[in-house]
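The values are calculated or read from the model by the stated rules, or taken from the named source; none is laboratory data. Here the structure is a predicted model, which means the values were calculated and not measured. Cβ atoms come from the backbone with ideal geometry, glycine included; neighbour counts cover every protein chain shown. Just so you know, the surface numbers come from the protein's heavy atoms only, side chains and all, with ligands and any DNA or RNA stripped out. Shrake-Rupley method; radii C 1.70, N 1.55, O 1.52, S 1.80 Å.
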Amino acid sequence: MKLKKQVTVCGGAIFCVAVFSLYLMLDRVQHDPARRHSAGNFPRSQISVLQNRIEQLEQLLEENHQIISHIKDSVLELTDTGAISPSGHLPFRSANGSWVLPFDGRPTFLSVKPLDCQFALARRSQTDLQMLDVYSLLSFDNVDGGVWKQGFEITYEPNEWDDEPLQVFVVPHSHNDPGWIKTFDKYYNDQTQHIFNNMVAKLAEDPRRKFIWSEISFFAKWWESADVHKQEAMRKLILSGQLEMVTGGWVMTDEANAHYFAMIDQLIEGHQWLEKNLGVTPRSGWAVDPFGHSATMPYLLNRANISSMLIQRVHYSIKKHFAATRSLEFMWRQTWDIESGTDMFCHMMPFYSYDVPHTCGPDPKICCQFDFKRLPGSRVNCPWKVPPRAITDANVAERAGVLLDQYRKKSKLFRSKVLLVPLGDDFRYDKALEWDQQYFNYQKLFDYMNSHPEMHVKAQFATLTDYFNAVYKANGVAPGTRPPDYPVLSGDFFAYADREDHYWSGYYTSRPFYKNLDRVLESHLRGAEVLYSLAVAHARRAGLEGRYPVSDYSLLTDARRNIGLFQHHDAITGTAKEAVVIDYGNRLLHSLVGLKRVIINAAHFLVIKNKDIYRFYQTEPFLETVRNSLDFIQRVDPIFLLFLRYLVLFNPIEQERLCVVTVLVNSVRVRVLTEDGQTLPVQLSAQWVFKTYTLSCFFVQASFMARLPALGLAVFHLYDSADSPMTLRSDTLLRIPGRGQSIRGLDPLPVRSQTVDAQPFYIQSQSLTLGFSGTTGLLESVRRKDDPQEVRVQIQFLTYGTRPSKDKSGAYLFLPDGNAKPYLQREAPAVRVVEGPLFAEVVAHYQHFQQTVRIHNVPGVEGLSLDITTMVDIRDQNNKELAMRLVTDIQSGDTFYTDLNGFQIQPRRYFQKLPLQANFYPMPAMAYIQDSQYRLTLHTAQALGVSSLASGQLEVILDRRLMQDDNRGLGQGLKDNKRTANRFRLLLERRSDEKRQTNISVSFPSLLSHMTSTILNHDVLALPVLSRKHGVPPMRTFAPLAGTLPCDFHLLNLRSIQSLDTHSPSPYTALLLHRLGLDCGLEAQNPGFNCTTTQGQLSISGLFRGLDLQLLQPMSLSLMHPQPPLSNDSIINLEPMEISTYKLKLC
């Protein structure tokens, strides 16, 4: 009632101000001497002005009325849910049994402009090749094609090149995996460093020799150890065009599991290294080994000003179809692009592999004879039993004719008379002998071909960009421009199959522990980048740069490179040898410790109230750091309340956050206060030991609701208090099988127990009511508070085996032994039900997994979805894969949706003509099903494989334990499983307009879905302040943003830019922004903060509180290509889905 009165008074005050303003204006008009001469009669022009001003006042009053209505609606909504307690302070139970919290006095509203919703509904230009349509068209029949097994016979007329000779560009390359069979360092020491040393010498011998290189991680390592003469020789080769850096990322990134934050970051790291050390800018993309290709990659390369790209690992049936229609070169367009601004020229290699036998033409038996590393006497030979022959004057004519025949046949698959022939393989050219064998023999062949006009061919060594430039020139278009009649394609290239029904859909889940760890690191890296950039800028402004540990920049660089390394297509994929996986894990853990240090050092500076007393001591950290063991990273360190403790909470997302924070404490009498002394409600829960019904005797979980500033740091006080009326105990019920077991609670945290029965049971919050099976303890139904309908959402667990034949599932391949079988165990699970004012949860204990389904009783984003954690441990299983299936009544048919790299949504279709394993797709961030009424989205905090095998279903593979290799070169199964927490958020949304369902070719998450994904992937970091001899200095909340970002903007990164000194940054910062694409056709929910959109407009100059903007310069995505600086007060504008980079100078 008090709040209602405040709203009424506020509204009345606004009305009075408006009326008083009108009175003053009228008074001013009446007393203006210039207006008295007409004996009180106003001229018509003056009356017109007055009418205009009255209309403006009416408009202002209308806007004020809308604001008051927003506030009133928020209050009424909170009143309807009982969110204002009778006392106004203490949580209480409402009549229906749900807990109600005191309202924090901050009504919020959601205001999305209609124009910001139009993008999802806009008509897209039709593409020639839509990959969903291609899948519908193809029969995937795998007919024997002769010498080109997966293709067809190619013929040509000898005179086809009489008018326009064939141009052949042979591109030598060496594919170097930064970890696979050997670790990154061992590969470098054993092979890669020798490739570079030979490269410097051998390319210099003949200016006609060319080479391309991709992985900057290896190149940087060699450069740092090379002497000045070698560096200068290498720089000369690059500047002369003999050696080309292609793509230029830190690694050749995986495209299925990698998140777009990390894909961009490793690209920036590689490009920044190239710019600093060589001054070169990559122009072409090269991706020969990722196991399938994502549509995100061409967009990122396009934004980095790369004009052309090449891909290789695509389903053999698609390659055959594209070859038959001469569509292997195309403009790759984003499905959501309304026009053609995202087009990227792409070359798809036509044959089985990127090795020499599969690159010169359709017949590998012949092409292998032109891999001169395999000459007799070598350790490598040709499987087709016909070895190469060294080129001599006696055989050059015959050999050139045979090779030209392959070139001509391959060229018939393309639309121009320009041919690309890669010449290389894994870790090739590590011996000087191979450089001589390949270059001398090919040069003899080229010389012969070029000197015989009747052959109508011009052959040469080339770089990748040499080839692309020749294609553009032949078609009379500028680089990156669509050649006439070349097709436009949209979609992606998952799932990949290299032969038969061998689909590479297993690696979407392989080693999920490390996939989860990767995302934890990415969130820490982004958080550390943001806080470090802000801390350094504030330190500069305060003249304290000398006191601040600016050298933490080297820890950021180290983490960027280790996380970048893990994006490699044999790292995050889970497809490396066990020893290599351990090496990756140790690197990530080392970086996690370093990032935590960057965060606590920045937080220390930013929360100190009086910066004059700030001092940094390396040996005396201000905040607690993290455990340094992989097995402990998922555990929470306890806070000992022996005295008053301070807790700093970091919110790494760009919007204000209302959330439940849980810490581990050693006292049930904990009291939590805000910075200004307000006591917060606390829910106490027991700490349970995994896989047992045992309670911890020493620690309890304390959960409290916190409102945290965007990208900010908030300070809380915790202490042991005898008087803590706001600290409430959870109600815990253990449903145990009938074994006569009794569970004893620990005073004052009682635990009730009862024997399992078949009756369903429920938990509820302000927003949701969940139904659970009395037998399984697993979710059965979801009901939203504003929806009378209970929706069936049933969780089931299943297992897949592998085939009994010789071909079995492994790290790469998913080859199941049929449909999944229900997961069964002999006895019913024990189920724990916890209810309290801030959250309720159900925990089901099974032999190989423990599933926790929690709902938070808070307004806004956090309270609108189900928080699901499935702890999986299948270390005692052989050749089993554990799957979680959601079964609903949603009429989704054969259509479902998965994300690509957390960046965009790709519609999928279940095809019965394909085997089960072909219908699984990567899910880095989310997947959903929908019909005209509902959309159900499963958000994930780690990349996993997903499918929808029947209408109304979503199925995700949680872990895989496989005892054998799958014959793709790894030589091991997957036996190093760890106990892994798979984290999800499940969001049920109702369609607000059934007619608005968009067409199948393009889809977007709702705004709420985007926010849900963000909070899942960016946890609040709890940083306890350590006790100090001289006490803790005064601290205050740090809220860096002066205003709010539009809520369809995601601040992707705020990254300090390198200087010439590796250990410190330049004065510049890179701001990366992504404007999200939205589906507004789902019912809008109050997000818990003020959420508005601005049609893509944003003022940077007023964004950061307490800092001045001295430079605002648009850049290419990876910071290599600057555009003219904007005036500092400029309004920037982003289109939906656009990612843009700006170079800032803040001080």
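With all protein chains present and a 1.4 Å probe, how do ARG1075, ARG547 order by accessible area, largest first? Numbers along the way, then the final one.
On the way: ARG1075 10, ARG547 85 Å².
Ranked from most to least accessible, the order is ARG547, ARG1075.
How much mean residue ellipticity at 222 nm does the chain get from its helices, if each DSSP H run of length 4 or more adds -39500 (n - 2.57) and you divide by all residues, to the nearest 500 deg cm²/dmol? List each step's numbers first, then the result.
On the way: 19 runs with 287 residues, N = 1147.
Calculated mean residue ellipticity at 222 nm is -8000 deg cm²/dmol.
Going down the list LYS186/LYS596; LYS221/LYS444; LYS149/LYS365; LYS320/LYS365, which pairs span over 23 Å between their C-alpha atoms? Mind dumping the intermediate values first?
Details: LYS186/LYS596 29 Å; LYS221/LYS444 35 Å; LYS149/LYS365 12 Å; LYS320/LYS365 19 Å.
Listed pairs above 23 Å: LYS186/LYS596; LYS221/LYS444.
List the aspartates and glutamates whose alpha-carbon lies under 12 Å from that of LYS431, not counting same-chain residues fewer than 8 positions away?
Of all the aspartates and glutamates, those that pass the test against LYS431 - Cα under 12 Å, at least 8 places apart if same chain - are ASP190.
Name the shape class, rounded, prolate or oblate, that the alpha-carbon gyration tensor gives for region 761-856, where a ≥ b ≥ c are the square roots of its eigenvalues, rounded holds for a/c under 1.5, and otherwise prolate holds if a/b is larger than b/c and oblate otherwise. Can you show the working numbers first?
Values: a/c = 2.83, a/b = 2.18, b/c = 1.30.
Judged from the Cα gyration tensor, region 761-856 comes out prolate (a/c at least 1.5, a/b above b/c).
Would you be so kind as to identify all helices of the chain, as entire DSSP H runs, whose Cα atoms reach 18 Å or more along the helix's own axis and whose mean Kyte-Doolittle hydropathy is at least -1.0?
On the way: long enough: 2-31 (43 Å, 0.78); 44-80 (53 Å, -0.50); 260-277 (25 Å, -0.42); 396-411 (22 Å, -0.64); 432-450 (27 Å, -1.04); 512-541 (44 Å, -0.23); 553-566 (20 Å, 0.09); 578-607 (43 Å, 0.85).
Qualifying helices, which must be both long enough and hydrophobic enough, are 2-31, 44-80, 260-277, 396-411, 512-541, 553-566, 578-607.
Accessible area, 1.4 Å probe, largest first: how do ARG374, ARG93 sort?
Values: ARG374 25, ARG93 105 Å².
Result of the area sort, largest leading: ARG93, ARG374.
Between rounded, prolate and oblate, where does region 817-937 land on the alpha carbon gyration tensor, with a ≥ b ≥ c its root eigenvalues, rounded for a/c under 1.5, else prolate if a/b exceeds b/c? Walk me through the numbers before you get to the answer.
Working: a/c = 2.04, a/b = 1.14, b/c = 1.80.
In terms of gyration-tensor shape, oblate.
Tell me, what is the Rg over Rh of the chain, with Rh the Kirkwood radius over Cα pairs? The partial results should precede the final answer.
On the way: Rg = 32.1 Å, Rh = 32.2 Å.
Radius of gyration over Kirkwood radius for the chain works out to 1.00.
Which cross-chain or sequence-distant (5 or more) residues have an amide H under 5 Å from the amide H of ASP492, H modelled 1.01 Å from N in plane?
Correct list: MET131.
GLU624: accessible area at probe 1.4 Å, nearest 10 Å²?
40
Below 30 Å, Cα to Cα, which lysines can LYS880 reach? Residues fewer than 8 away in the same chain don't count.
Partners found: LYS182, LYS515, LYS577, LYS691, LYS806, LYS808, LYS821, LYS913, LYS975, LYS978.
Which far-off residues, 5 or more places away or on another chain, put their amide H under 5 Å from the one on ASP1079, with H placed in the peptide plane?
Result for ASP1079 returns SER1006, LEU1007.
Could you check what % of the DSSP bridge pairs in the chain are antiparallel, to the nearest 5?
Roughly 80 percent of the DSSP beta bridges within the chain come out antiparallel.
Taking θ = phi - 60°, what integer Hz values does the Karplus form 6.51 cos²θ - 1.76 cosθ + 1.60 yield along region 935-948, in sequence order, with x for Gly and Pro?
Going residue by residue, I get 10, 10, 10, 9, 8, 10, 9, 8, 6, 8, x, 9, 7, 10 Hz, with x marking Gly and Pro.
Ordered by residue, what ³J(HN,Hα) values in Hz, to whole numbers, does region 165-174 give under the Karplus form 6.51 cos²θ - 1.76 cosθ + 1.60, where θ = phi - 60° and Gly and Pro are x?
Per residue, the Karplus-derived 3J(HN,Hα) values read x, 6, 9, 10, 10, 8, 10, x, 8, 9 Hz.
Let me check something: with ligands and nucleic acids excluded, how do LYS186, LYS473 order by accessible area (1.4 Å probe), largest to smallest?
Working: LYS186 100, LYS473 170 Å².
Largest accessible area first, the residues go LYS473, LYS186.
Find how much the distance from SER136 to LYS785 grows on full extension, using 0.36 nm per residue of separation minus their present alpha carbon separation; answer in nm with one decimal. Could the numbers behind the result be given before it?
Numbers: separation 649, 0.36 × 649 = 233.64 nm, distance 4.05 nm.
Contour length minus the Cα-Cα distance gives 229.6 nm.
List, in order, the whole-Hz ³J(HN,Hα) value for each residue of region 700-707 obtained from phi through the Karplus relation with A = 6.51, B = -1.76, C = 1.60 and θ = phi - 60°; use x for Gly and Pro.
Listing the rounded values in order: 10, 8, 10, 10, 9, 8, 10, 9 Hz.
Going by average Cβ density within 10 Å per residue, which order do the peptides 254-264, 1064-1074 take, highest to lowest?
Numbers: 254-264: 26.9, 1064-1074: 20.2.
Per-residue mean Cβ counts within 10 Å order the peptides as 254-264, 1064-1074.
Among residues other than ASN277 whose Cβ falls under 10 Å from its Cβ, what is the net charge (Lys/Arg +1, Asp/Glu -1)? Before the final figure, lay out the partial values.
Details: positive: ARG235, LYS276; negative: GLU224, GLU275.
That sum, taken over residues with Cβ under 10 Å, equals 0.
Using alpha-carbon positions, what is the distance between the centroids of region 406-431 and region 924-962, in Å?
39
Within the set of other residues whose C-beta is less than 11 Å from the C-beta of PRO1067, count the net charge using Lys and Arg as +1 and Asp and Glu as -1.
Numbers: positive: ARG540, LYS1143, LYS1145; negative: GLU545.
Its environment carries a net charge of +2.
Based on the Cβ-Cβ distance from VAL386 to SER240, what FRET efficiency comes out when R0 is 45 Å, to the nearest 0.05? Numbers along the way, then the final one.
Details: r = 37 Å, r/R0 = 0.83.
Once rounded, the FRET efficiency stands at 0.75.
What is the Cα centroid distance between region 758-788 and region 797-821, reported in whole angstrom?
About 33 Å separates the Cα centre of region 758-788 from the one of region 797-821.
Ranked highest first by average number of other Cβ atoms within 10 Å, how do 640-651, 478-489 line up? Provide the component values of the computation, followed by the final result.
Working: 640-651: 19.1, 478-489: 15.4.
With the highest mean Cβ count within 10 Å placed first, the list reads 640-651, 478-489.
Under 17 Å from the 7 Å Cα→Cβ point of ASP558, by amide nitrogen: which residues of region 577-619?
Inside the label zone: 583-602, 618-619.
Report, by chain and number, residues whose modeled amide H sits under 5 Å from the one on GLY424, excluding near sequence neighbours (fewer than 5 apart, same chain).
Distant-sequence amide H within range of GLY424: HIS173, VAL356.
What's the center-to-center distance, using Cα atoms, between region 210-271 and region 282-353 in Å?
Using only Cα atoms to place each centre, the spacing works out to 21 Å.
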